[in-house]
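Written out below as structure tokens is the structure these notes cover.
The values are calculated or read from the model by the stated rules, or taken from the named source; none is laboratory data. Since the structure is predicted, the reported quantities are computational estimates derived from the model, not experimental observations. Cβ sites come from the backbone with ideal geometry, for glycine too, and all protein chains shown count toward neighbours.
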């Protein structure tokens with residue numbers, strides 16, 4: 001036990017260097033200031049002074065496509081009846097106006113709504129995941145109702161927006177309650193309110209109430225910005241963008257306090273430039289290794305570029321624009337033709353640009369908008385994903401999509417994209433600029449004809465209820481990869497913190513073989529000196545994985561997630577027969593199929609199957625996948 005504690009101390013010291021000594025010191029100081037009451041005095045509780053409606057009635061649009069209208073109106077009608085969308089998937093019955101402090105997934109309510117936000121814990125075992133409380137207060141419903149009013153002229157939609165926001169500001173005084181605890185959540189409200197002003201054509205002549213709400217939110221974000229930037233993640237980019245966009249907008253519509261607003265905007269711009277250099281790899285991937293967080297970055301870029309153009313602001317640096325272009329190209333490389341992406345990394349239900357009725361798992365609206373606003377080039381033909389562009393004022397966009405060849409190996413950030421005529425795969429290898437959250441080294445994701453055949457597990461919840469039956473989806477045992485002696489690839493020190501970050505020993509280039517196939521190989525060694533070599537070969541609807549492993553561990557286990565479908569397991573041939581193909585494993589390993597649970601939407605779980613391959617260490621296993629599709 002003593003040895004283990006000494007080892008953990010060493011791991012923490014090692015992490016401090018990787019995370020940045022000054023940022024770690026600041027986070028420590030921040031927590032001291034929070035517990036001592038210094039931050040409570042720094043952020044006094046303030047009542048909103050604004051009165052009257054936030055948004056006014058105005059003319060409706062007359063060129064909105066009928067094909068998009070039905071779904072939009074149906075969603076708006078649900079909301080007016082008190083059914084609220086959570087994480088763009090769950091429609092949960094609420095009161096009208098909603099209960100702003102309820103966790104609707106377990107029915108429990110935050111009992112600290114009258115406390116200062118510094119006195120409220122991030123993780124309350126009784127309340128559950130605080131994101132469930134925050135979700136309604138992100139104002140994602142405002143976008144749906146504002147769009148519905150704009151296309152129908154039905155007063156009920158706009159009246160609901162004004163009534164609910166009025167109720168929210170009465171029950172959520174600035175700096176009081178859980179909904180002021182996170183600066184990123186405040187940023188989401190800024191984005192969604194300005195988005196509604198754009199939809200309703202009121203951004204140039206906003207109400208006094210809207211100006212007041214935005215000002216108070218930016219003040220909260222600005223004063224606490226150092227903590228967000230010390231996190232080195234999407235919180236920092238969201239808050240910097242809110243300062244830039246919100247401050248620039250206020251400088252135009254509230255000239256009496258122009259200098260203060262310009263200070264917000266300049267600080268936001270400076271931070272965005274700095275964060276782009278820190279949080280993006282040279283190949284365009286975002287540091288958090290999450291498909292959903294990368295989409296959040298693209299949405300943030302779209303918002304930044306729209307308001308920069310609308311307010312006639314000066315351009316960002318050439319370096320910033322190059323990073324933006326690379327981030328778009330990266331997402332295009334990992335996108336399947338279905339519009340979906342591998343369910344890799346943290347997936348917390350965030351979708352910032354919700355001005356469309358496409359499914360949450362469809363990444364085309366975000367990619368299309370970012371490409372047009374940054375590159376002035378569409379990625380896709382016309383479709384429902386173009387509604388985002390419609391509300392940005394870019395209508396009837398009929399330009400021919402740009403031709404694009406997917407990149408194959410992202411050496412800086414750790415991804416390999418492999419493809420043949422009808423199928424493709426993604427493999428994750430370990431390069432970490434930011435702290436990893438999933439033990440997914442050498443995860444293998446396989447797609448064919450728009451179907452994810454071998455898939456990742458997702459997230460489910462950052463703080464699931466104690467009686468939750470969903471396993472730890474961040475574990476190596478939830479990914480399509482290998483574990484030694486049933487241990488994690490990297491030891492976990494906290495909810496979002498892994499130690500002993502793995503680095504690759506070898507990262508090969510893709511070698512082409514006859515036809516459309518190819519070969520890639522790579523290897524890594526974990527902190528216990530166990531070595532894993534994985535080679536992938538593919539051609540003519542056949543994929544072959546060779547896993548070679550050695551070290552001090554006794555046993556290894558390789559897992560692959562596949563759908564909850566009919567299958568047959570043949571131990572004589574060591575093969576698994578599925579509707580879409582046959583998986584055959586070399587005869588030196590034992591195979592079985594176990595039940596598993598995955599999450600494609602936050603707080604939604606699905607029962608699937610998992611092929612488990614077991615053998616002794618210091619050997620190798622070949623897994624051959626022959627596709628019928």
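Side notes on the structure shown:
- Summed over the range 551-579, residues that are outside any loop (DSSP other than H, G, I, E, B) and over 24 Å from residue 426 (Cα atoms) total 4.
- Helices (runs of 4 or more DSSP H) within the range 239-344 that include 1 or more residues free of Cβ contacts under 8 Å to residues at least 12 places away in the same chain and touching a helix residue (DSSP H, G or I) at 6+ places or on another chain (Cβ under 7 Å): 258-279
- Among the candidates 526, 570, 587, residue that is free of Cβ contacts under 8 Å to residues at least 12 places away in the same chain and farther than 25 Å from residue 449 by Cα: 570
- Scanning the range 264-299 for residues that are under 16 Å from the mean Cα position of the chain (by Cα) and within 17 Å of residue 20 (Cα to Cα) turns up 279, 280, 287, 288.
- Considering the range 201-210, the residues that are in contact (Cβ under 8 Å) with a residue 60 or more places away in the chain and surrounded by fewer than 22 Cβ atoms within 10 Å (Cβ to Cβ) include one that is farthest from residue 148 (Cα to Cα), namely 208.
- Residue in the range 222-233 that is in contact with a strand residue (DSSP E or B) (Cβ under 8 Å, 6 or more places away or on another chain), over 24 Å from residue 165 (Cβ atoms) and not in a helix (DSSP H, G or I) present: no
- Any hit, the range 87-107, residues being in contact (Cβ under 8 Å) with a residue 60 or more places away in the chain and closer than 19 Å to residue 467 by Cα: yes
- Residue within the range 578-590 that is over 14 Å from residue 561 (Cα atoms) and touching a helix residue (DSSP H, G or I) at 6+ places or on another chain (Cβ under 9 Å) present: no
- Residue in the range 524-532 that is over 27 Å from residue 8 (Cβ atoms) and at pLDDT below 95 present: no
- Taken together, the criteria place residue 74 among residues that are modelled with pLDDT of 95 or more and either loosely packed, with under 15 Cβ neighbours inside 10 Å or not assigned by TED's automatic domain parsing to the domain that holds residue 232 (or both).
- Those strands (runs of 3 or more DSSP E) lying entirely in the range 436-532 with at least 2 residues under 26 Å from residue 603 (Cα atoms): 444-448, 451-454, 492-494
- Residues of the range 363-381 that are surrounded by fewer than 20 Cβ atoms within 10 Å (Cβ to Cβ) and part of a loop (DSSP other than H, G, I, E, B): 376, 377, 380, 381.
- Residue match in the range 386-401 (condition: assigned to a loop (DSSP other than H, G, I, E, B), at pLDDT below 95 and under 24 Å from residue 532 (Cβ atoms)): no
- Any pair with Cβ under 8 angstrom, 6 or more apart, that starts in the range 346-360 at a residue that is without any contact (Cβ under 8 Å) to a residue 12 or more places away in the chain and ends at one that is surrounded by 24 or more Cβ atoms within 10 Å (Cβ to Cβ) and outside any loop (DSSP other than H, G, I, E, B): none
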